[in-house]
Each structure stands twice: as C-alpha cells, then as structure tokens.
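Only the coordinates and a few stated rules stand behind these numbers; no lab work does. What you see is a predicted model, and the numbers here were worked out from it, not measured in a lab. Using ideal geometry, Cβ is built from the backbone for each residue, glycine included, and neighbour counts are taken over all protein chains shown.
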2 protein chains.
Amino acid sequence: MRLLVVDDELRLARALQTGLSREGYVVDLAHDGGAGLDAALAGDYDLIVLDLMLPVLSGYELVRRLRTAEVWTPVLMLTAKDGEYDEADALDEGADDYLTKPFSLVVLVARIRALLRRGAAPRPAVMRSGTVEVDPATRRVLRNGEEVEITAREFALLAYLTRHAGQVVSKAELYEHVWESHDHSRDLNVVEVYVGYLRRKLGRDVIETVRGAGYRVPEGRSS
Amino acid sequence: MRLLVVDDELRLARALQTGLSREGYVVDLAHDGGAGLDAALAGDYDLIVLDLMLPVLSGYELVRRLRTAEVWTPVLMLTAKDGEYDEADALDEGADDYLTKPFSLVVLVARIRALLRRGAAPRPAVMRSGTVEVDPATRRVLRNGEEVEITAREFALLAYLTRHAGQVVSKAELYEHVWESHDHSRDLNVVEVYVGYLRRKLGRDVIETVRGAGYRVPEGRSS
DNA sequence: GGCAAGCCTGAGAGGACGCTGAGAACCAGT
DNA sequence: ACTGGTTCTCAGCGTCCTCTCAGGCTTGCC
C-alpha cells in the first residue's frame with residue numbers, strides 16, 4: 001500500500017512516515033500543496049493524508065483540483081484543533097475523512113485501514129482466496145484455517161495482490177506499491193523471488209502467473 | 001448497531017446521541033450509573049460508551065459488575081483529563097478502550113468502529129494464557145498458580161497484551177497505550193526491554209515475537 | 001524441434017531487527 | 001544523604017530477513 005503524506009511540518013511528517021512504514025505502508029512525503037498536487041496526480045497512490053493548512057496550495061484547494069482532474073484517491077484530512085474550518089467543510093470539499101490534530105498514531109492507522117477498505121469496492125475485512133485468508137487488521141495469514149508464518153515483505157505483497165483479487169497486477173505495479181522505489185530501471189526479479197516465497201509457504205496455486213502481464217490471485221470464494 | 005451512552009452531562013449525552021445517530025447507530029441514553037447498569041444488563045447492546053465519573057455508580061464499578069455478570073459487551077470509557085484515575089486503570093477494570101475528554105466526534109466514531117470490528121471476545125475476568133493468569137482487578141499475576149512479583153509498568157504491558165490475546169500488537173501501539181505517550185519519534189526499544197523482563201519472570205513462551213509486526217500472547221484457554 | 005524471452009529458484013552477502021547486560025536517572029521511604 | 005526499587009537508555013551481538021545474482025526451466029513462436 002502506497003501512501004502520500006502532505007504536511008509542511010517536517011517533524012510530524014517524518015514521524016508519520018516512520019510510524020506508517022512500521023505498519024507496512026510505503027510512504028512518500030510532500031511538504032507543500034504544489035508538490036503534493038503534482039505527486040498526487042502522478043503517483044498512483046492508494047491513499048493521501050493531507051494537512052489542511054499548507055503553503056502554496058491549501059489542502060482544500062488540493063482536493064478540489066484532484067477531484068476536478070477525476071482522481072478519486074481516498075483523502076484523509078488533518079485539521080488543527082483551533083480550526084476556523086470545521087469538519088463539514090473538509091468533508092464537503094471532497095475529503096473522505098478527517099482527523100483533528102493532535103491525534104494518536106493508532107487512531108490514524110485505524111482510519112487509514114477503514115478508508116482503504118471502503119476505498120475501491122466495499123470489501124470484507126478479512127480477504128480470502130481459495131484456501132487462504134488474509135487479515136490486514138491483525139496481520140495474520142491462514143491456510144486451511146492454520147496460521148502461516150510470514151515475513152513483513154511477504155505480507156505486504158500478499159495483501160496487495162489479495163486486495164486486487166481477480167485482477168492481473170504487473171510486476172512494475174507491485175514493485176512500486178510494495179517496495180519503496182520509483183526507479184523503473186531496477187530489477188523486478190525481487191518480485192518474482194517473493195512470489196516464489198509465498199507459493200512455497202501457501203501452496204503453488206495461490207498466485208497465478210500471467211506470462212508477459214504479471215500476477216493474479218483468484219477471486220476468493222472460500223468454501 | 002445499538003449503542004448505550006451513559007453520561008450525566010445532559011448536553012454532551014444529547015450531542016453524542018445526535019452525532020452517532022447521524023453515523024447510523026441506534027443510541028440509547030442513561031444518565032447515572034444505576035440506570036446505566038440496568039440498561040446494559042437488559043438491553044443487548046453492541047457497545048457501551050461510558051463516562052468514568054457518574055452519580056450512583058462509577059463507570060469503574062459499572063464495568064466490574066457487568067463483567068461479573070458475564071456480560072462482555074465492548075465498553076469504551078470516557079475519562080476526564082485531570083483525572084485522579086488514569087487510563088490504564090480504566091483498561092484494567094475491564095473496559096476495552098478509553099478516550100480522554102475533550103475528544104472529537106470523528107475520533108469517537110473511529111474508535112467505536114474499531115471496537116465493533118474487534119467485537120466482544122468473551123473473556124473471563126481473570127485472563128489466562130498458557131500457564132499464566134492475569135487478574136486486572138487485584139493486579140496480580142500467577143504462573144503455575146504461584147504469584148509472581150511484577151512492577152506497575154510490566155503489569156500494564158502484560159495486561160494490554162493479554163487483553164488482545166491472539167492478536168499481533170505493534171510496538172508503536174504498545175508504546176502509545178502502555179506508556180501513554182504520543183511522541184511518535186521516540187525509541188521503541190523500551191518496549192523490547194520490558195518484554196524481556198516479562199519473559200524472564202514468566203517464561204520465554206508467554207510472549208511471541210512477530211518479527212516486523214509486533215508481539216502476541218497466545219489465545220488463552222480458560223480452564 | 002529449436003530458439004528467445006520470460007519466469008523460477010538455490011545460494012549467499014549484507015543489513016535490519018530484536019534481545020540483553022550494564023548502568024544512569026529517578027523516586028520513595030528511611 | 002543513603003538505600004532499594006523501578007524505569008529507561010545505550011551499545012553490542014546474534015538471528016532472521018531482504019535482495020542480488022547466476023544458472024536452469026518453461027512458454028510461446030517460428
């Protein structure tokens with residue numbers, strides 16, 4: 001999952017980056033509204049965390065322009081407590097949720113998860129494909145009801161694929177979202193390696209290879 | 001979803017009722033601890049929002065009696081900031097989460113959603129995991145039936161982990177809830193150190209490490 | 001079949017992560 | 001001020017994870 005955090009308070013932005021990375025997200029930063037808009041338009045993010053008060057371009061204005069450009073990435077707005085703006089304004093402007101500063105990281109993560117889940121199509125909290133269950137909330141993976149030990153990177157990859165169950169996801173897309181890099185020239189072999197790890201742990205059939213296109217996890221009916 | 005709000009401040013209670021209704025919840029009110037307890041026992045609620053300071057019966061006492069009566073409805077406790085009670089106490093007493101006044105409605109809704117998702121895991125008043133028993137009421141810990149000396153911080157950590165038995169809890173979450181700090185940039189090593197202390201006192205296997213994700217105590221079988 | 005491009009995988013280097021002992025800082029009681 | 005206990009910081013170390021590389025295998029195409 002790739003997030004964009006737009007905030008001009010450097011300390012807070014870094015703290016969020018650290019904290020959210022620890023939760024398994026890939027986090028990019030932008031420090032003013034202009035840079036934020038550029039990144040949001042270009043970046044193909046899964047979610048944007050946006051401060052309301054920003055140099056160059058306010059959070060308001062940023063969301064409006066995003067929506068005008070037909071970009072519907074979920075936006076979580078951060079507002080200062082003393083705000084002359086209130087929640088309604090932020091929400092009316094096209095944000096999907098908002099949070100008042102100061103807030104706790106745990107709450108932020110909970111809201112982010114909720115938004116991501118709501119995001120594309122309303123999906124059950126526990127994702128499922130064949131005999132495999134993925135629970136993003138508790139970071140657990142079950143195969144035939146039994147828990148499987150899985151590393152952080154493996155989990156991030158599996159979660160992304162499962163979130164897009166039924167779709168073919170290219171190696172480049174996986175690399176961008178699961179690994180933190182925009183460097184397109186890099187070797188995508190690492191994706192193959194990790195697909196291999198997952199297959200070894202979960203069974204050969206959990207991830208299909210679509211030659212020349214990418215990978216796909218079958219849409220999941222259990223039982 | 002049916003919620004019960006117990007608070008003696010009429011204005012606040014009404015505001016919560018209005019706000020939560022708008023979120024799609026059905027909200028009943030009670031204005032003192034006695035009425036709250038009756039309603040909670042009779043009402044089959046999905047969640048209870050509970051002020052700590054109440055006439056007739058404190059929030060504390062209310063939760064304790066609920067749990068004694070084997071009612072495991074999730075409880076979200078509201079505490080005043082200046083409190084002689086602190087948050088850890090609320091959690092030890094059997095509440096599932098807490099929120100310090102003043103708070104924003106959106107945050108409250110987020111917490112409520114999180115609690116409802118987590119659901120009410122029926123658990124005995126004394127929590128148990130393997131050979132270890134934790135009694136929040138008396139702040140005592142037994143291993144193989146023998147009492148183990150434990151410090152306040154160690155207990156808070158163990159209680160939090162045990163309350164979330166079966167789930168992986170991140171170091172950041174532990175740090176926020178057990179150390180009550182919102183400083184995200186601080187070193188989380190102290191969590192590791194205290195996990196080490198607990199393992200030394202209670203046995204290596206009471207707390208599992210989930211590398212890259214956090215810690216977990218095994219789901220307890222209760223005799 | 002023969003070939004090339006795409007994909008898989010075993011081995012291993014390097015680094016990130018978690019654990020622990022030592023001890024400093026702090027507090028309460030004497 | 002001294003003692004005993006608790007909390008927290010720090011640095012070193014071991015382990016597991018991550019990623020690269022090279023060679024082998026599969027697939028699609030002629």
Descending packing, highest mean Cβ count within 10 Å first, for A:107-113, B:199-205 is A:107-113, B:199-205
Sorted shortest first, the nm distances from the A:Arg153 label point (7 Å along Cα→Cβ) to its counterparts in the other copies are 3.4
What is the distance, in nm, between label points placed 7 Å from the Cα along the Cα-to-Cβ direction at A:Leu10 and at B:Asp187? 2.3 nm
Defining the label point at 7 Å along Cα→Cβ, can you sort the distances from B:Lys101 to the same site in each other copy, shortest first, in nm? 2.7
Subtract the Cα-Cα distance of B:Arg139 and B:Glu219 from 0.36 nm times their separation in residues, and report this length gain in nm to one decimal. 26.8 nm
Relative to the other copies, what are the label-point distances for A:Arg65, with labels 7 Å from Cα along the C-beta vector, expressed in nm at one decimal and sorted shortest first? 5.9
Within a 10 angstrom radius of each residue's Cβ in A:102-110, how many Cβ atoms of other chains show up on average? Whole number is fine. 6
Taking a ≥ b ≥ c as the square roots of the eigenvalues of the Cα gyration tensor, with a/c under 1.5 meaning rounded and otherwise prolate when a/b exceeds b/c and oblate if not, the stretch A:1-81 is oblate
Amide H contacts under 5 Å for B:Gly130, restricted to residues at least 5 apart in sequence or on another chain and with H modeled in the peptide plane, are B:Arg221
Please find the FRET efficiency linking A:Thr18 to A:Glu146, where r is the Cβ-Cβ separation and R0 is fixed at 30 Å, and quote it to the nearest 0.05. 0.35
